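Working notes, beginning with the structure itself.
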Amino acid sequence: MHNPLTNHSCRRCLLLLFVFNSLVIWSQVELRGKVVTPNHQGVDFAEIDLLKDSTFVKQALSDTDGTFTIAIKKGRYDLQVRQWGKLLKDTTLLLEHNINLGDIFIDPTQMLHEVIVEGHQNLFERKPDRLVFNVANSIISTGGDALDALRVTPMLQVTDDQISMIAKSNLMVMVDDRVIPLSGQDLISYLKTIPSSSIKSIEVITTPPAKYEAEGNSGIINIVLKKNRTDSWNLNLRGTYTQATYSNGNAGADFNYKKGRMSMYANVTIGDGIFFHQINNKIYYPTEIWAITMPYHDIVKYANADMGINYRMSNRWEIGAMYFGTLSTDHFNNNAIMTTVYNNTDNSIKEFMPAIINKDNPSSLHAVNLNSTIKLDTLGKKITVDMDYFINHSRDSISNWGNSLYPDQSMIPGSYYANMNRNKGNVINYSAKIDVTLPYSWASLDFGGEASFTNNNNDYIFYDNTTGQPVVDNTQTNTFRYRENIQAAYLSASKKLSKALSAQAGLRLENTETQGYSQTLNQTNNHNYLKLFPTCYLTYQLGGDKSIALSYSRRISRPSYNALNPFRFYINSYDYAEGNPFLLPSFSNNVDLSVTTDHFVHDFWYSNFTGDITQFPFIDPTTQVIRYYPENCINYYSTGVSESFTYNKLWWWNSYNNAVCYYIRKRATIPEATMPLLHKVSGNFTTNNDFILNKKRTLMLNLGFYYEFPYLEAYDNVDATWYAYAGIKMLLLKEKLTLSLTANDIFRTDYIKTTIISNNLQCVYDHYNDTQYLRLAVSYRFGNKLVRVEKRNVSNEDERERAR
């Protein structure tokens, strides 16, 4: 504990001694100056960099009046003045004594005006419920995009088509507290439209507070953008072309506008392509080996639109509306499946079972949000209200036919089969929520409530088409109706207990009522449950940029709507999958301890899961029929450590490295799991390196590598996998035009091979999803590239994700 000195002379002696030691040991001098325009107006938040032999040494940021001060060792340095990564001044200095450079004049035409700044911050900050990565203080703030910034964010793993959080099963991405309703390559393409120079910070929320829904063992990424006070607009045109086994691509536009009281945004993307997949499975029966080979390609077309408008009715009241819509088709024709049956004793072929599958899956989703924010005062008290609606339509059509052949390729009599599956599905959700924020001097309070109403209707028709004339099979035709109502309320409080210690605690109460009706089974299943979901956090500042944080949360994972539907989907005459209307939610408890410094993040976690939902292959050894059926059949826990290190001492090199080591122990509760207990020590390693190849910072090289040791997924043992990637990026035409070329999975090593044992029978699944590709991306920006319209979270995002 620090005790202030009361003796004035003693304080003066200590101060003189400190200054003397600093001068003797470090031989430092003080450099002062003021960054101004030709009319002597101070330039705030200008970056003053000192470099020695092209190596970054020290940086300062100018104050609101343009002044700055740097204490540094004597020597010769290159002085560079930048604003938001743009070089405005470059000169050489010989520093042998304290010096005041006076006014440093820069060209105002090169500046970006009226940007709100909150001052210089550490690279990483630890808050009670999140880790904050201050992108504006990083080398990545120049010339990159949001995906580049996420690649060097601690606790995240980013490839060119996927973002994940360490020790989390799924991830929610937000921009300015608004959920981005995209996934996969659509989300990646959108993030590439956000220049890293417009990002203020990235918040990594490993333990979402009570304000957020308790659904899923999920983490949250919130990208906080810099705000601009001037009336302005910007437009970004973009496109990508990807060449893998087949080609695919997309094109889009992003528009932001702000004028007076009104702001609006719109993002539109269209794309299509062919995506190749290769499946090689083996099932080891007592006397036979069944080898299944299925190369197929998806033909995908889609169009997305995301738009919104905000209007400030007064200084304290703002209203807004948002729309998100997507149209897509996914189909493949005449994809061949070959099952070869081998004799275990001599490996001779006993039988061939060729089959053909056709699939067509058009779908659409439309979502609307209306929102209002009322500021109660100028100190942060506010009330926000959101009302949401979405509807998801899907039309599934699957046809398959096949037969069995003797080893000489002649047909086995009576083996021919053919069937068709048709489904009309609709998911409709209405939801509303209210959030109240009341910061007081004694504590900051957040509370609110939410109500969500979902109806999921599916009409499945199964046709026997063996004779060539489709005949409805009523035993496998099904009408399924599912209703889910959720009401929730939460309260959260945070307080700074001392100069170093902060605390936050929250409690969320969720009441869930579900009803599922199956016409074929003539059965209705009702589930009602009321659950509490506490969260709590403690953060202690160790001094300087070092901190330690401890958090706890309880979460729930509800089954997807498709998993609840008892409809059968046939792969061939021996393999089918169906849903389980009796599924219940699973629950988890999570503890996280994190130690943060300027360049290191040490994270330790423990998670415990009960009733985890797993689609298990139930194999009948007699009929050799495989039924893939979801069950609440796994209880498990995992504990591990994650070490993240960021190296950015050189102006031309930024390296992010992460290593994870963990132990996981799973226990199955079904007798078909021959091995009722699985446990493993596993881990992974990733390194991502960005190299700036010229002093203008307009040419960049990216190199990365990822390795995953053997691990457990669901109830499968998964083999080790690894991949390498590289990319180059160019900024042209005053950094308005961006060209990038990316090579992913360079050595074609990123495939998944899993093994599971059911009823004493070993199943091996080998899947490759065509991850080796070359991708060219082009974008061009018009207008003021720093302006982004405020976006927000919606109240039914979890329901929309479960409907996908």
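Can you list the strands (runs of 3 or more DSSP E) lying wholly within region 1-108 that have 3 or more residues being at negative phi, at pLDDT below 80 and in the same structural domain as residue 648 (by TED's automatic domain parsing)?
Details: elements: 28-36, 47-52, 55-61, 67-73, 75-83, 86-95, 99-105.
No strands (runs of 3 or more DSSP E) qualify here.
Among the residues of region 308-320, write down those that are touching a residue at least 24 places away in the same chain (Cβ under 8 Å) and surrounded by fewer than 16 Cβ atoms within 10 Å (Cβ to Cβ).
Across region 308-320, the qualifying residues are 311, 312, 313, 315, 316, 317, 319.
Within region 557-602, how many residues turn out to be at pLDDT below 90 and more than 28 Å from residue 530 (Cβ to Cβ)?
Result for region 557-602: 18.
Scan 377, 435, 396 and give me the residue that is among the charged types (D, E, K, R), at pLDDT below 95 and surrounded by 19 or more Cβ atoms within 10 Å (Cβ to Cβ). Even if it seems obvious, please write down each step before you answer.
Values: 377 fails: surrounded by 19 or more Cβ atoms within 10 Å (Cβ to Cβ); 435 fails: at pLDDT below 95.
Exactly one residue qualifies, and that residue is 396.
Is it the case that residue 771 is among the β-branched types (Val, Ile, Thr) and assigned to a strand (DSSP E or B)?
Considered against the rule, which asks whether it is among the β-branched types (Val, Ile, Thr) and assigned to a strand (DSSP E or B), residue 771 comes out as no.
For region 399-418, which residues satisfy the criterion of being of a type outside the set (Gly, Ala, Ser), in a strand (DSSP E or B) and surrounded by fewer than 20 Cβ atoms within 10 Å (Cβ to Cβ)?
Answer for region 399-418, where residues must be of a type outside the set (Gly, Ala, Ser), in a strand (DSSP E or B) and surrounded by fewer than 20 Cβ atoms within 10 Å (Cβ to Cβ): 401, 405, 411, 417.
I'm checking my understanding of the structure. Among residues of region 315-352 that are among the small types (Gly, Ala, Ser), in a strand (DSSP E or B) and out of contact with any Lys or Arg (no Cβ under 9 Å at 6 or more places or on another chain), which one is farthest from residue 250 (Cα to Cα)?
336
Restricting to region 586-604, give me the number of residues that are buried (at least 19 other Cβ atoms within 10 Å of the Cβ) and either not charged (D, E, K, R) or not assigned by TED's automatic domain parsing to the domain that holds residue 664 (or both).
Total satisfying the criteria: 6.
Please count how many residues of region 313-343 are modelled with pLDDT of 90 or more, within 28 Å of residue 410 (Cα to Cα) and among the polar types (S, T, N, Q).
Counting residues in region 313-343 that are modelled with pLDDT of 90 or more, within 28 Å of residue 410 (Cα to Cα) and among the polar types (S, T, N, Q) gives 3.
Can you tell which of 685, 705, 691 is under 20 Å from residue 656 (Cβ atoms) and free of Cβ contacts under 8 Å to residues at least 24 places away in the same chain?
Going through 685, 705, 691 in turn, the sole match is 705.
Only one of (1) closer than 29 Å to residue 175 by Cα; (2) more than 28 Å from the chain's Cα centre (by Cα) is not met by residue 302, so which one is it?
(2)
For region 511-533, state whether one or more residues are assigned to a loop (DSSP other than H, G, I, E, B) and of a type in the set (Gly, Ala, Ser).
no
Any idea which of (1) out of contact with any Pro (no Cβ under 9 Å at 6 or more places or on another chain); (2) at pLDDT below 90 is the one residue 299 doesn't satisfy?
Here residue 299 meets the rest and fails (2).
Please identify the pairs in which a residue from region 738-753 that is over 17 Å from residue 703 (Cα atoms) has its Cβ atom under 7 Å from the Cβ atom of a residue that is among the basic types (Lys, Arg), counting only partners at least 6 apart or on another chain.
That search, which allows pairs on different chains as well, returns 738/729.
Between 126, 151, which is under 25 Å from residue 639 (Cβ atoms) and either at pLDDT below 80 or over 13 Å from the mean Cα position of the chain (by Cα) (or both)? First the steps, then the outcome.
Numbers: 151 fails: under 25 Å from residue 639 (Cβ atoms).
Of the residues listed, the single one that is under 25 Å from residue 639 (Cβ atoms) and either at pLDDT below 80 or over 13 Å from the mean Cα position of the chain (by Cα) (or both) is 126.
State whether one or more residues within region 575-587 are under 29 Å from residue 660 (Cβ atoms), touching a Pro at 6+ places or on another chain (Cβ under 9 Å), of a type in the set (Ser, Thr, Tyr) and in contact (Cβ under 8 Å) with a residue 60 or more places away in the chain.
Taking every residue of region 575-587 in turn, none turns out to be under 29 Å from residue 660 (Cβ atoms), touching a Pro at 6+ places or on another chain (Cβ under 9 Å), of a type in the set (Ser, Thr, Tyr) and in contact (Cβ under 8 Å) with a residue 60 or more places away in the chain.
Going by the conditions given, is residue 446 surrounded by 18 or more Cβ atoms within 10 Å (Cβ to Cβ) and touching a residue at least 40 places away in the same chain (Cβ under 8 Å)? Working first, answer last.
Working: surrounded by 18 or more Cβ atoms within 10 Å (Cβ to Cβ): yes; touching a residue at least 40 places away in the same chain (Cβ under 8 Å): yes.
Spelling it out, residue 446 is indeed surrounded by 18 or more Cβ atoms within 10 Å (Cβ to Cβ) and touching a residue at least 40 places away in the same chain (Cβ under 8 Å).
Here's a check for you: in region 158-167, which residue that is in contact with a helix residue (DSSP H, G or I) (Cβ under 9 Å, 6 or more places away or on another chain) and assigned to a strand (DSSP E or B) is modelled with the highest pLDDT?
For region 158-167, the residue satisfying everything is 163.
To keep it simple, each residue is scored yes or no on (1) over 30 Å from residue 664 (Cα atoms); (2) buried (at least 16 other Cβ atoms within 10 Å of the Cβ); (3) not assigned by TED's automatic domain parsing to the domain that holds residue 734.
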| site | (1), (2), (3) |
| --- | --- |
| 676 | no, no, no |
| 682 | no, yes, no |
| 690 | yes, yes, no |
| 696 | yes, no, no |
| 700 | yes, yes, no |
| 713 | no, no, no |
| 720 | no, no, no |
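Which condition from (1) closer than 25 Å to residue 427 by Cβ; (2) touching a residue at least 40 places away in the same chain (Cβ under 8 Å) is the one that residue 507 breaks?
Exception for residue 507: condition (1).
One line per residue, one yes/no per condition, for (1) under 22 Å from residue 423 (Cα atoms); (2) in contact with a strand residue (DSSP E or B) (Cβ under 6 Å, 6 or more places away or on another chain); (3) crowded, with 16+ Cβ neighbours inside 10 Å:
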| site | (1), (2), (3) |
| --- | --- |
| 482 | yes, yes, yes |
| 488 | no, yes, yes |
| 497 | no, yes, no |
| 508 | no, yes, yes |
| 512 | no, yes, yes |
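So for region 621-629 (the condition being surrounded by 20 or more Cβ atoms within 10 Å (Cβ to Cβ) and among the basic types (Lys, Arg)), does at least one residue qualify?
No.
Is one or more of the residues making up region 355-369 more than 32 Å from the chain's Cα centre (by Cα), in a strand (DSSP E or B) and surrounded by 16 or more Cβ atoms within 10 Å (Cβ to Cβ)?
yes
Taking the criterion of being assigned by TED's automatic domain parsing to the domain that holds residue 542, in a loop (DSSP other than H, G, I, E, B), of a type in the set (S, T, N, Q) and closer than 30 Å to residue 548 by Cβ, would at least one residue in region 473-485 satisfy it?
Checking region 473-485: not a single residue is assigned by TED's automatic domain parsing to the domain that holds residue 542, in a loop (DSSP other than H, G, I, E, B), of a type in the set (S, T, N, Q) and closer than 30 Å to residue 548 by Cβ.
The values are calculated or read from the model by the stated rules, or taken from the named source; none is laboratory data. Just so it is clear, the structure is predicted and the values come from calculations on it, not from any experiment. In this analysis, Cβ positions are derived from the backbone assuming ideal geometry, glycine residues included, and neighbour counts consider all displayed protein chains.
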